[in-house]
1. State the number of residues belonging to the range A:90-129 that are surrounded by fewer than 17 Cβ atoms within 10 Å (Cβ to Cβ) and among the β-branched types (Val, Ile, Thr).
2. Please work out if A:Glu116 is within 29 Å of B:Asp49 (Cα to Cα) and part of a strand (DSSP E or B).
3. Would the range B:14-22 turn up any residue that is surrounded by fewer than 17 Cβ atoms within 10 Å (Cβ to Cβ), part of a strand (DSSP E or B) and either of a type in the set (Lys, Arg) or touching a residue at least 12 places away in the same chain (Cβ under 8 Å) (or both)?
4. So A:Gly103 clears everything in (1) at pLDDT below 95; (2) part of a loop (DSSP other than H, G, I, E, B) except one condition, right? Which one?
5. Going residue by residue through the range A:69-89, is there one that turns out to be more than 13 Å from chain B (Cβ to nearest Cβ), among the hydrophobic types (A, V, I, L, M, F, W, C), in a helix (DSSP H, G or I) and surrounded by fewer than 17 Cβ atoms within 10 Å (Cβ to Cβ)?
6. Being touching a Lys or Arg at 6+ places or on another chain (Cβ under 8 Å), of a type in the set (Phe, Trp, Tyr) and without any contact (Cβ under 8 Å) to a residue 40 or more places away in the chain is the filter here, so list the residues in the range A:23-72 that pass it.
7. Going by what's in this entry, would B:Pro54 be described as in contact with an Asp or Glu (Cβ under 6 Å, 6 or more places away or on another chain) and modelled with pLDDT of 95 or more?
2 protein chains.
Amino acid sequence: MTTQQESTQEKSLKIKEVADRFYELAKEARFDLIQAELFSSDARSIEPDSSPFPLTEGLDNIIEKAKQWQEMTEANHGGYCDEPIIAGNFFACTMGMDITLKGQERSMMDEIAVYEVKDGKIVLEQFFY
Amino acid sequence: MTTQQESTQEKSLKIKEVADRFYELAKEARFDLIQAELFSSDARSIEPDSSPFPLTEGLDNIIEKAKQWQEMTEANHGGYCDEPIIAGNFFACTMGMDITLKGQERSMMDEIAVYEVKDGKIVLEQFFY
């Protein structure tokens, strides 16, 4: 094993460590920190085809999507994230937002989120709702 | 409400009931019964793009895929399914197979499976591995 390989492996968080850190930050709704700390620069974000953002590619665009979502939001009344389940290089969790979007009724949005981890970074998030 | 609507609603299992029955059968590896009892005739099954079956549409084709998988299998040494998590019309769980495929080494395959339920039936399964 070369020094570079060792170094890369040391830096690579294991799936359980990534899921634990994700959960810690998600419970505080710090998705900005999740993206900054845990996302790969080439991560992809997939939502249902009916969503305004069915596919977003690259961390910069994912951060931009989050800004657009903030601009669409009238009020954020709270939310939750439950403990992730883990299999292979993936983890998944349930999460929800109690939210009022501009021009809409206040509503509870529940979803399942699936994350793929590669070399200690999240390379894919996919939301089911 | 018409009699037909009432009848349809009575037949529609709630998401929790579908997830509970799924879990009961999955722990026994009775995916044949899961498909027969819980799947909609127009269900879709999605696997990673790298899989031999990235997209299968319709219950008949999903059952045929299961047969092909059986034919690829040398020996099935066991498996597991953990309790589903639920959000909205979706549930997800971790599952795994200790399997020897023909011409390959025995290996442990772990995955996250996500299921969408509509009118009491599973309309989508998506596997992440």
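1. Here the count works out to 2.
2. Working: within 29 Å of B:Asp49 (Cα to Cα): yes; part of a strand (DSSP E or B): yes.
Answer is yes for this residue.
3. Step one: of the range B:14-22, the residues surrounded by fewer than 17 Cβ atoms within 10 Å (Cβ to Cβ) are B:14, B:16-17, B:20-21.
Then drop every residue that is not part of a strand (DSSP E or B), which leaves none.
No, because not a single residue in the range B:14-22 is surrounded by fewer than 17 Cβ atoms within 10 Å (Cβ to Cβ), part of a strand (DSSP E or B) and either of a type in the set (Lys, Arg) or touching a residue at least 12 places away in the same chain (Cβ under 8 Å) (or both).
4. The one condition A:Gly103 does not meet is (1).
5. Of the residues in the range A:69-89, the ones more than 13 Å from chain B (Cβ to nearest Cβ) are A:69-78.
Subset that is among the hydrophobic types (A, V, I, L, M, F, W, C): A:69, A:72, A:75.
Next, only the ones that are in a helix (DSSP H, G or I) stay: A:69, A:72.
Cutting the leftovers down to surrounded by fewer than 17 Cβ atoms within 10 Å (Cβ to Cβ) gives us A:69, A:72.
Yes, some residue in the range A:69-89 is more than 13 Å from chain B (Cβ to nearest Cβ), among the hydrophobic types (A, V, I, L, M, F, W, C), in a helix (DSSP H, G or I) and surrounded by fewer than 17 Cβ atoms within 10 Å (Cβ to Cβ).
6. A:Phe53
7. Details: in contact with an Asp or Glu (Cβ under 6 Å, 6 or more places away or on another chain): yes; modelled with pLDDT of 95 or more: yes.
In short, yes.
The values are calculated or read from the model by the stated rules, or taken from the named source; none is laboratory data. Owing to the predicted nature of the structure, the values given are computational and were not obtained by experimental measurement. Because the Cβ atoms are built from the backbone with ideal geometry, glycine has one as well, and the counts that use them run over all protein chains shown.
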